[in-house]
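Structure first, then comments.
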Amino acid sequence: MLTVKNIMLVFMDFKKLREKAFKETINEVRKEKKETDNLVVQAVEAIDELDDITNIIVERVKNWYAFHYPELEKLVKDPMLYLLIIKEIKSRDQMLAEKLERFVGPERAKAIAEKAVGSMGAEIVDKDLQRLVHLAELGIHARQERDELADYIEERTKEITPNLHAMLGGMLAARLIARAGSLERLAKMPASTVQVLGAEKALFAHLRRGVPSPKHGLIFQFPQIIQSPKKQRGKISRALAGKVSIAAKEDFFGNKDISKELIQSFEKRVEAIKEGASKKKGGKHE
Amino acid sequence: MNEIFHNVFREGNKLYTKNLVPGQRVYGEKLLETGRGELREWNPNRSKLAAVILKGLKTFPLKQDSKVLYLGAAQGTTASHVSDVVDKGYVICVDVSSKAMEELIPLCESRQNMLPVLGDANRPGEYAKYTLGINMIYQDVAQPNQAKILLKNASLLDPGEYAILCIKSRSIDVAEDPKKIIKKELESVSDGFFVREVIDLEPYHMDHALAVCEKKLS
């Protein structure tokens, strides 16, 4: 038997072994942290959080500014435009048509300026207004950062997973990676898992209680699935998941660009599905 | 306060281990100063081993000088109590997750008898250089093939030595009845082990069981 169970001997070895283990384990952890798809996962999660933050800030600014000019909310529906107007023009008595024009065009600028004169809002002093303007600026910054993050993800996924990126676009590719945990995990998943990735709640309801299985998870966001009739979505997402799974495998294990062939054969399959559906309909009439 | 096993103390429904590093809290547990040194409260809701001891585990294979291979150490909550118990032995802590290592490595640094390894319990060969001399296995991994993993690691034990296996039925199959799964896992474990004791972890943990196994002559 190989095992050495002399206590003294093992204990003396243990100290050396322990030192070695620390070195190696720390090295390996570092190596794993270097994997760049982790960055994409963090960025995707940051985008979702920034969206939440922006929404909260917009709601607060609207509530707050309504003391001063409650009519503005109805006149400017786009939240970012709303924040921008407050940031740039600030108080109600500065809401003049010529100043507003560069944000909303001449007609609406006129309407906003007119309403401002007879507004039922209260006066606001500079000290109070300033805080509110700063909050609006923060909301704008959060949105700008979000947009920059989206560009960054687009660029990064193109480098890390060219095939997935070509098929799905950066955002959806990154979301799939984030949900799977890493590109490695996504690459090792069977296509059927990729198909329902992001629909875990529905999947477990199906396994536990026998409700119908989910047709799609995150890949539902893919235009060709959203735009298809409900009956075909299941088939199309199954076809897409198959191709996505191949793309992820190629991106992780290989380095060829096979996106053109994948997209072509996916589109052929979609055509066949649509044709099959219309044939069935025709069949009934015969 | 009774010492029910080496360095393990019980008072009513509370469990303690003698703190190997006095003053250190690992996961925010209570520390208790007594005549026998500083004790660390062992929370049965956080640790499956504590739960089974409170439920009356009879076979407790951890000895003062045990050399434990701990598979699935995670942040080291239970592992730290194991290291309290085996104060003359050591604990080799294996986990796959590099995220868990962020907490496990500093913990191992502060405890002289713990050693961290980033590795997959499915592939014992990867961490074989650290497992020479171990005489007990504690396994708590969230994988669908828990029994198989224990069998893969079984060659590290001599006949007559023990393994503690936590069975997480929810990691094996979410839809199947937990009792059936546990029975099935124990059947496959008995290829290499005698199952000496099985305790389910209700009410501390749902759908979990813990089995004490003794290696068979092979």
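The values are calculated or read from the model by the stated rules, or taken from the named source; none is laboratory data. Not measured: the values here are computed from a predicted model. FYI the Cβ positions are ideal-geometry reconstructions off the backbone, even for glycines, and counts take in every protein chain you see. Note: areas computed on protein heavy atoms with side chains; ligands, DNA, RNA excluded. Shrake-Rupley method; radii C 1.70, N 1.55, O 1.52, S 1.80 Å.
Just a few scattered comments:
- Amide H contacts for residue B:63 (H built 1.01 Å from N in the peptide plane; partners 5 or more residues away or on another chain; cut-off under 5 Å): none found.
- Using the Stokes-Einstein relation with a Kirkwood hydrodynamic radius computed over Cα pairs, the translational diffusion coefficient of segment A:33-160 at 25 °C and a viscosity of 0.890 mPa s comes to 152 µm²/s.
- With the helix formula -39500 (n - 2.57) applied to DSSP H stretches of n ≥ 4, chain B reaches a computed 222 nm mean residue ellipticity of -7000 deg cm²/dmol.
- Förster radius 56 Å - calculated FRET efficiency between residue B:87 and residue A:171 (Cβ-Cβ, nearest 0.05): 0.55
- Rounded to whole numbers, the Karplus 3J(HN,Hα) couplings from phi for segment B:186-191 are 5, 4, 6, 5, 5, 4 Hz, using 6.51 cos²θ - 1.76 cosθ + 1.60 with θ = phi - 60°, and x at Gly and Pro.
- Scattering profile of chain A at q = 0.07, 0.11, 0.15 Å⁻¹ [log10 I(q)/I(0), Debye over alpha-carbon scatterers]: -0.49, -0.87, -1.05
- Applying the Karplus relation 6.51 cos²θ - 1.76 cosθ + 1.60 with θ = phi - 60° to segment B:71-81 yields 3J(HN,Hα) values of 8, x, 6, 6, 7, x, 4, 5, 4, 5, 6 Hz, where x marks Gly and Pro.
- With the convex hull constructed from alpha-carbon coordinates only, the protein assembly as shown shows a mean projected area of 35.9 nm² over all directions.
- According to the Cα-based calculation, Rg over Rh for segment A:81-150 is 1.03, with Rh computed by the Kirkwood formula.
- About the Cα centre, charge dipole magnitude for chain B (Lys/Arg +1, Asp/Glu -1 at Cβ), debye: 220
- Overall, the ratio between the Cα radius of gyration of segment A:162-280 and 2.2 N^0.38 Å, rounded to two decimals, is 1.05.
- Chains B and A, summed buried accessible surface - 1.4 Å probe, Å², nearest 100: 2500
- With the convex hull drawn around the C-alpha atoms of segment A:99-232, the volume per residue stands at 250 Å³.
- Calculated from backbone phi, Karplus (6.51, -1.76, 1.60) coupling profile of segment B:173-179 in Hz, x at Gly/Pro: 7, 6, 8, 6, 5, x, 4
- Cα-Cα over 32 Å, subset of A:243/B:179; A:188/A:230; B:18/B:58; A:74/A:231: A:243/B:179; A:74/A:231
- For segment A:215-286, applying the loop criterion from DSSP together with a ceiling of 13 other beta carbons within 10 Å to the trypsin sites (Lys or Arg not before Pro) yields A:256.
- Kirkwood radius, chain B, all distinct C-alpha pairs, inverse of mean reciprocal distance: 17.4 Å.
- Environment charge of residue B:68, counting only residues whose C-beta is closer than 13 Å and scoring Lys/Arg +1, Asp/Glu -1: -1
- Taking Cβ atoms as reference points and 15 Å as the exclusive limit, the residues near residue B:87 contribute a net charge of +3, counting Lys and Arg as +1 and Asp and Glu as -1.
- Sequence-distant lysines (8 or more away, or on other chains) whose Cα lies within less than 17 Å of residue A:20: A:31, B:129
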